[in-house]
Structure formats: C-alpha cells, structure tokens
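Asks: Sharing a structure, written as structure tokens. Questions coming.
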Amino acid sequence: MPFSKLTLSLSAFLLCGTLNAEPRIPTDAGEILASVPKNRARQPATLTAADARKLITQHIRQFRLQDDPRHLGLAKGVLQRYERSGGTLTPELLLERASILESEHAFNESLTDLAAVIKAQPGNAQAWLNTATIQRLQGNYDQSLESCQKVSDAGQSSLGLSCKLLTESFTGNAAASYRELSELAAAEPLRRSRDRNTESWYHSMLADLAVRLGQPNLAEQHYRKSIQLTPGRSYARRELADLLLAQQRPEEAKSLVSGKLASDSFLLRTALANKQLKKPYSNEANELALRYEAAKRRGNNTHTRDQALFNLKLRNDPQAALVLAKQNWQTQREPVDFIILLEAAKAANDKETIEQLSQWKKLNQLEDQRMSALLGAAND
Amino acid sequence: MIKPILTLLIFSGMMLPTASAHKNSDSYLRIDATAAPLSVQWSIAIRDIDIALPLDGDADGNVTWGELQSQQAAVYAWAFANLQLQQGNNPCSFTPGELLVDTLSDGEYAVLRFPANCTSDGDYQIDYHLLFEYDPNHRGLLNLQLPNGSQQSVLSPTEPSATLALSGGNKATTAARFFREGVWHIWIGFDHLLFLFTLLLPAVLVYRQQQWQASESLGHSIKSIAAIVTAFTVAHSLTLSAAALGWLSLPSRWVEAAIAASIVVAALNNLKPLILKRLWLLAFVLGLIHGFGFAGVLADLGLEAGNLLLPLFTFNLGVEAGQLAVVAVLMPLAWWLRRTVFYRRAILIGGSILAALIGAYWCLERLA
C-alpha cells in the first residue's frame, strides 16, 4: 500500500501539531491536564558530583520503570548543568552517562565510557556488568563471557554467574542455562525480600529463554508474571504481544498493548493484531508512518527494528524492511534483530544475507526455535 | 544494605533497552507568514513547562486547567524569552495572545496563539532555546508557512537557529523552477522567437540571381542554422548575465523597442539581402539586445542578492532548451518545404513583410 511522501510530509505537521481536533479551551478549571512530580527538586544553582549522580540515577530509574525517554533527556540535562558549572566527570558519573547512552542505543559510545570507568576502577562490578550486557547484545559472546567473569572477580559472584549463564544461553547452552538460572532465581537467599523490579526482570529473562527454547506456554507464564509485577514496564508486554501474534492469538495480543497513550511499539502491535483480525488498520499505519517520519527528522534512531517490522508486515515493502533491518543489525544483534533481518531477507529474496545469518547462527551455536524454523531444517 | 545495591546492579546492568511508551520532548512551532502580522501557534507539553515553571499550585501532583490558566502571563513571558524571530535582520515583536490546550499522542499541550510583528522584508531567522538547559534532547519542530509553500526545520541545542529564505526551496527546486521559467519565457517571448525565425527562414535557401532558391546542401543549411542559433544564444546569454549581475543596465523601454526594431532589420534583410554570408554575425549583434529583455523577466521572478548564479544559469539553460525545442520542430519543416513556391514566396517573402510590419508596430508602440 503506497503512501505518498508528499502527503506524509504535508500531513506530518498538520497532524503532529494538531492531532485529534483543534486546540480547545477547557470549560472546567478543575480538569486535570498533566501529572507532574510532586515537590519537584528545582535545579539548584550548583551541583556537587554526588547531587548530580543522585538526580541522574533517579531519572534513569524513572526511565526504566515508565519507559519514558524524556527522563533520559532530563538526566543528560543534569549532567550538562554539572559540567557547565565546572564539575569534572567522576567514574561514577561516567557510569551514569554510559547507562544513558546505552538506553539511547548509542552502544559503542556507552562502551567507551564504561572502558574509562574500568580503567579508573578495575574492580567496578557494575561497569563490567554493563559492558557484558552490551557485548551480549551486540553478539560478541566471547567478550561478554570474559566481562561476566570480571563481574565475579570483582566480588559479585552470583551476578557474575547469572551474567555468564545468560551469555552461555546464546552459545549452545540454552536449556542448561534456563535450568540453572531458574534455580538461581529461586535459590536467591534474598528472594523474599527481593523487590518487584528484580523479580520482574528475572521472569522476563526466563521468558525470553523459554521462547528461544520453543516453549511458548512456559514463556507466557513468565511474561505474565513479569507484567503483573511491573505493569508500567513495556518490555514484557511487547514481547508477549509478539508471542501471541505468532501464535495467531491477536485479540489477546491487542488487549496487552491497547491504551490511550500508545507508544510507537504498542501502536505497531495493535496494527498487527488488527491485521490478523482482518480489521482495518490504516489509521494506525498512517499514524505510525508519521511518527517514524517525525522521529527521523528529530534525529531519533531507536525505532529501526520496529520500522523494519512495520515495512515488512504492514506496508508489504520487503526492500525497505531489509534496508532497515540491516541497519538495525549493525547496532544490535539480539535474537529478535536476527529474526526480523531473516524475515526481511527471505521476503526480499536476499540469499546472501540469509546465508550470512545462517553462518552466524552456526558459528555461535545459537539456539532459537524461531530462527531454526525460518532457516529451515537443512540449517540445523 | 545489600538489597538496593543488588536491585540497582541488576536493573542497570542487565536490563535490555526497551521501547518507549512515551516520546522525547518536542514543541511544535507553527508560524504563518502569509499575512501581516504573522500568526504563531506554539504547542508546548504541559509537563515540559512544569520543568522550568512550577505549575502545580496546590502541589497535589496534578496540573489543572485552572492552575495553568493562572500562570498564563508567566508561561508567555518564559516562552518569549526563549524564542527570537527576525526578518531581514530586524527583530519581530511578539504580543501575548490566547492560551488553549491540545491533546497529542503523549499528553496534553499548552497552545500559545499570538501575533508577531515584523518591520522589514527579507529572510526569516529563528533562534530557539526553549528547555535546552534542562533537556538537551528537546527539539523545536518548526513549520514556517510562506506564500510559496511551507518549510520545516528541527531546532536543537546544536542547531538552535534557522534561516528561512523567503524564496524558499533548496538548490534543486530553485534550479528546476528557473529552468522552467526560462523555457516558458522563450515560448511566450514572441518577439524573440519572431526575430530568430525571421533570421532562420532563409537558412534552407540560397540567394542566387537575385532570388531565393532551395538549397541543395543539407550540410550547408544545418551549418547555417547552427551558426545563427548559437550566435543568438551566446549573445543573449552574455547580456542577460551582465544585466542580471548588475554590470550593465539599459532602460527597458529602449530595450523593448530595440528588440522590436531587430525584427524589422532581420525581416528587411530577407527581402533585400545585404548580409548573406555572415548572418550569424547579425544574429549575434542583435542577440545582445535580446539578452537585456530577458534580464527584466528574470528579475521579476524574484532573485536574491547573493543567490544569483544558480537561477541565472538554469534560467539561461531553460531559454536555450526552449529555443532548441522550437527550432528542432520548425526547421525540418522548413527544409522539407524549401522547394515549394509556397515557402519561398508566401512564407519567406510574405512572412518577412508581415514580420517587418509587426516589428515596426511594436517598435512604435514601445517607444510611445
């Protein structure tokens, strides 16, 4: 379904600026327009490194809990204010900046900051852990394992072990890793006092593993548990929605992601669900096209994977999807990145890419039932 | 305490980046410059305003319409302090206007609608720094409506200023536009075409024994046509450029009259050939005058000082292209007809007389 570029750019502003109807004058003085932090800490004139760190950590936490990227901007604002008033970046602050960068998908820049932290503090377990995470995300499994080992060496042995098991789950040890991680999660001495966020994280991690092991029911259980614990986090919702769509359960998928303030990710899944339900989805599709266009104009690159999916499944444009999926593959190499690239390559009949992916999977001994199904029995 | 550390470690270290449920901070700045005063509509997220200006009067964690309204003056003052608009290097002045509310995909926005008064003509310059000190990811999404279309720009901490030219468009659209204008203006430039064709009519003939006869040599005719067209083209390109760049200037009344006169000259020469072999020279000399005629047209299309070369070049190209198109159609026809009495009498003689009369008429009319 071709969308006229001219119409898009003309409507981009009309819609961006005035969505729904015209601006209005509310009639009720008591109408609530926005919720804001109570007693917000107004920016103090000067910030100490400790103050800056505290504020930044709060913002990053809010970002993770609410999936609200504004907090990343505000975190950067704190850092900016601190530096402008003459502050120097301590290793602790560099670590925070690395987290911000990672959240914005600037993975290489994040690694650079982490390396600087490690250089100043070789025993900084957090820095090693973040490094291991990014390396795993980028498909550098060997390096990730080494970094995980450093986490253990720095005294955080149980975290180091989790790190190692998670990485090994990508290199031919999926089933064993699942078992051991489950045991670890269950045996954690602090389990009863562990907070919801950590618990939620364990469940979503185990869910991901279960998906790769071809155990969708188990995965669903874990995802639902994660959602129950932290309903504001969108990760588990999104992944479960994808799982349900793959199982041809669009109604259930839709109920997970529908809502008034739909994120781009959720809107995409809503559109996909509507398509499966044979309901019209052009409103959602148009809206998404505008949002991606707007994001591109402001220089935001975090949507590439979703955009590839959008082009492949909603616009039926495998070529565009392939370009985006390849671009995405350059920055991150998680199983979902592999899969969208593979699907796009198959649709566009790009045999070379299919072969490359197949090789990569073999080389790393990746276990993922979805990948195997897409590549066909011959490639296992 | 181990628990919070563990939480932080796991949370920070092993969480995969998630997609956003909300979006980054943007404000939407729409300026309608199609009339004076300018109408501005600036939509700013209410939660963004609260970062700089406390809006939650009763500290209950919610901003109500009443609370926002009561801060209307402060909101306007803050907004105006973070935006500068100039036209032609002179600042435009803002006056506070209405306050409304709009619902966008990521929540409620305050909509400021106000007029801007600009005192001079020229390019617009916008300087924007709303919220950058609090959130370097904030962007100002600017849409400027001009008479000839709209332009968009994204304002960021690294590019907080935008200059938007009145004539708008980028190099490619400018080039295309002026090329089109060149083609169009030669096609509607009857006096230019009339002159050229009057001069070209005999190109498929030779003057022997006091009369025009069909030329037997295609090569000769083609060379002749080529020489005349090229000479004409080069000549009017030279003077067009000189006039457009401001090096030479002639009063247009005289130029127009001279152009008309050139038609008469060309026509008379067909009737009583004084110049036969060096027709291209005649084309060149008279072509110089025609160039001045185009310069006026070009100026009317809206050139900016300092941005002349591309429009000039492509306009010229357009003129040549338009010219060649017509020549390519009509000259083969002339060649085909050259033996006929119809061509040698009616078209050449009759046509030249008619051209001379028309030229003379225009000349007198333009001088009057």
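The values are calculated or read from the model by the stated rules, or taken from the named source; none is laboratory data. Note that the structure is a prediction, hence the values are computed from the model and not measured. Cβ coordinates were reconstructed from backbone atoms using ideal geometry, including for glycine residues, and neighbour counts include every protein chain displayed. Accessible surface areas use protein heavy atoms only, side chains included; no ligands, DNA or RNA. Shrake-Rupley method; radii C 1.70, N 1.55, O 1.52, S 1.80 Å.
Asks: So for chain A, Kirkwood radius off the Cα pairs, Stokes-Einstein at 10 °C and 1.306 mPa s: how many µm² s⁻¹?
Replies: On the way: Rh = 22.7 Å.
Calculated translational D: 70 µm²/s.
Asks: A further question on this structure: In whole percent, what relative contact order does chain A give with Cα contacts below 8 Å and a gap of six or more residues?
Replies: Working: 431 pairs, mean separation 46.4, N = 380.
Reported relative contact order: 12 percent.
Asks: Let me ask something else about it. Note the per residue figure in Å³ for the convex hull of the C-alpha positions in the range A:66-187.
Replies: Numbers: hull volume 14.0 nm³, N = 122.
For the range A:66-187, the hull spanned by Cα atoms encloses 115 Å³ per residue.
Asks: Given A:K38/A:K225; A:K54/A:K225; A:K254/A:K313; A:K76/A:K275, which pairs have Cα atoms separated by over 28 Å?
Replies: Numbers: A:K38/A:K225 30 Å; A:K54/A:K225 30 Å; A:K254/A:K313 16 Å; A:K76/A:K275 39 Å.
Checking Cα-Cα distances, A:K38/A:K225; A:K54/A:K225; A:K76/A:K275 exceed 28 Å.
Asks: Got a sec to turn the phi values of the range A:64-77 into Karplus ³J(HN,Hα) couplings, 6.51 cos²θ - 1.76 cosθ + 1.60 with θ = phi - 60°, whole Hz, x for Gly and Pro?
Replies: My calculation for the range A:64-77 gives 5, 6, 9, 6, 10, x, 4, 5, 5, x, 5, 4, 4, x Hz in order.
Asks: Next question. Give the interface area between chains B and A as buried accessible surface, both sides summed, probe 1.4 Å, in Å² to the nearest 100.
Replies: 7200
Asks: Can you give the average number of partner chain beta-carbon atoms within 10 Å of each beta-carbon in peptide A:236-245, as a whole number? Write down the numbers at each step before the final one.
Replies: Values: counts 1, 2, 3, 2, 0, 0, 0, 0, 0, 0.
Average neighbour count from other chains, rounded to a whole number: 1.
Asks: Here's a follow-up. Could you work out the mean projected area of the convex hull around the alpha carbons of the range A:113-257, in square nanometres to one decimal?
Replies: Details: hull surface 37.0 nm².
Dividing the Cα hull surface by four gives the mean projection, 9.2 nm².
Asks: Give the Cα extents of the protein assembly as shown along the principal axes, in whole Å, largest first.
Replies: 120, 70, 53
Asks: Rounded, prolate or oblate: which fits the range B:99-141, taking a ≥ b ≥ c as square roots of the Cα gyration tensor eigenvalues, rounded meaning a/c under 1.5, else prolate when a/b beats b/c? Walk me through the numbers on the way to the answer.
Replies: Values: a/c = 2.89, a/b = 1.42, b/c = 2.03.
In terms of gyration-tensor shape, oblate.
Asks: Loop by DSSP (not H, G, I, E, B), at most 16 other beta-carbon atoms within 10 Å: where is the longest site-free stretch of chain B for GluC sites (Glu not before Pro)?
Replies: Values: sites that count: B:E216, B:E304.
My reading of the result: B:1-215 is the longest stretch.
Asks: Using the heavy atoms of the protein chains alone and a 1.4 angstrom probe, what is the accessible area of the range A:142-276 per residue in square angstrom? Before the final figure, lay out the partial values.
Replies: Numbers: 5610 Å² over 135 residues.
Computed with neighbouring chains in place, this is 42 Å² per residue.
Asks: Also, I was wondering about something else. Can you give the accessible area per residue of the range A:46-139, in Å², using a 1.4 Å probe? Don't skip to the answer; put the middle values down first.
Replies: On the way: 3480 Å² over 94 residues.
Each residue of the range A:46-139 exposes 37 Å² on average to a 1.4 Å probe.
Asks: Hey, another quick one. Per 20 Å bin, what is the whole-percent P(r) computed from every C-alpha pair distance within chain B?
Replies: 23, 32, 22, 17, 6, 1
Asks: Roughly how many nanometres apart are two label points built 7 Å out from the Cα toward the Cβ at B:R345 and B:A360?
Replies: In this crude spin-label approximation the distance works out to 2.3 nm.
Asks: Extending each Cα 7 Å along its Cβ direction at B:L281 and B:S161, get the distance between those two points in nm, one decimal.
Replies: So the two model labels end up 5.6 nm from each other.
Asks: Something else now. For a label point 7 angstrom out from the Cα of A:A120 toward its Cβ, which stretches of the range A:157-174 have the backbone nitrogen within less than 12 Å?
Replies: Correct set: none at all.
Asks: Let me ask you something else. Could you do me a favour and compute the accessible area per residue for the range B:107-230, 1.4 Å probe, result in Å²? Before the final figure, lay out the partial values.
Replies: Numbers: 5460 Å² over 124 residues.
Each residue of the range B:107-230 exposes 44 Å² on average to a 1.4 Å probe.
Asks: On full extension of the chain, what length is gained from A:N364 through A:A29, given 0.36 nm per residue of separation minus the C-alpha to C-alpha distance?
Replies: Numbers: separation 335, 0.36 × 335 = 120.60 nm, distance 6.12 nm.
Result: 114.5 nm gained on full extension.
Asks: Report the dimensions of the range A:246-324 along its three principal axes from the alpha-carbon atoms, largest first, rounded to Å.
Replies: In descending order, the Cα extents are 34, 28, 19 Å.
Asks: Same structure again: Quick one: if the Förster radius is 25 Å, what FRET efficiency do B:W247 and B:N90 give, using the C-beta to C-beta distance and rounding to 0.05? Can you show the working numbers first?
Replies: Numbers: r = 30 Å, r/R0 = 1.20.
After rounding, the FRET efficiency stands at 0.25.
Asks: Rounded to whole Hz and in sequence order, give me ³J(HN,Hα) for the range B:270-280 from the Karplus expression 6.51 cos²θ - 1.76 cosθ + 1.60, θ = phi - 60°, writing x for Gly and Pro.
Replies: Here the 3J(HN,Hα) series is 5, 6, 10, x, 8, 10, 10, 7, 10, 4, 5 Hz.
Asks: Calculated FRET efficiency, A:Q149 and A:T90, Cβ-Cβ r, R0 25 Å, to nearest 0.05?
Replies: Numbers: r = 26 Å, r/R0 = 1.04.
About 0.45, to the nearest 0.05.
Asks: Using Cα pairs under 8 angstrom and six or more residues apart, how large is the relative contact order of the range A:104-196, in percent? Don't jump to the answer; show the numbers that get you there.
Replies: Numbers: 90 pairs, mean separation 17.1, N = 93.
Value for the range A:104-196: 18 percent.
Asks: Something else: Can you pull the mean other chain C-beta count within 10 Å for peptide B:130-137? Could the numbers behind the result be given before it?
Replies: Numbers: counts 0, 3, 3, 5, 8, 10, 8, 14.
What the average comes to for B:130-137 is 6.
Asks: Which cross-chain or sequence-distant (5 or more) residues have an amide H under 5 Å from the amide H of A:A34, H modelled 1.01 Å from N in plane?
Replies: Those qualifying (amide H under 5 Å, at least 5 residues apart or on another chain) are B:V63.
Asks: Which value does Rg/Rh take for the range A:16-112 over its C-alpha atoms, Rh per Kirkwood?
Replies: Details: Rg = 17.1 Å, Rh = 15.5 Å.
For the range A:16-112, the value is 1.10.
Asks: Which distance in nm do the two modelled labels at A:S255 and A:S158 give, with both placed 7 Å along the Cα-to-Cβ direction?
Replies: 3.6
Asks: Where the Cα atoms of the range A:174-287 are projected onto their three principal axes, how long is each span, largest first, in whole Å?
Replies: Extents along the principal axes: 50, 28, 17 Å.
Asks: Return the long-range amide H neighbours of B:D26 (sequence gap of 5 or more, or a different chain), with a cut-off of under 5 Å between placed amide H atoms.
Replies: Correct list: B:R139.
Asks: Once the Cβ-Cβ distance between B:A214 and B:A325 is put in as r, and R0 is 35 Å, what FRET efficiency do you end up with, to the nearest 0.05? Display every interim value, and only then the final one.
Replies: Values: r = 25 Å, r/R0 = 0.72.
Calculated transfer efficiency: 0.85.
Asks: Counting helices only, and only those DSSP H runs with n ≥ 4, report the 222 nm mean residue ellipticity of chain A as the sum of -39,500 (n - 2.57) divided by its residues, in deg cm²/dmol to the nearest 500. Mind showing how you got there, number by number?
Replies: Details: 20 runs with 260 residues, N = 380.
Rounded to the nearest 500, it is -21500 deg cm²/dmol.
Asks: Please return the longest stretch of chain B lacking exposed loop sites, where trypsin sites (Lys or Arg not before Pro) count only if DSSP places them in a loop and at most 13 other Cβ atoms lie within 10 Å.
Replies: On the way: sites that count: B:K277, B:R278.
The longest such stretch corresponds to B:1-276.
Asks: Ok, one more. Take every Cα pair under 8 Å in chain B that's 6+ residues apart, average their separations, divide by the length, and report that relative contact order as a whole percent.
Replies: On the way: 542 pairs, mean separation 58.6, N = 368.
Contact order relative to length: 16 percent.
Asks: Rounded to a whole number, what % of the accessible area of the protein assembly as shown do carbon and sulfur atoms account for, probe 1.4 Å? Can you show the working numbers first?
Replies: Working: 19400 of 33600 Å².
About 58 percent, which is the carbon plus sulfur part of the accessible surface.
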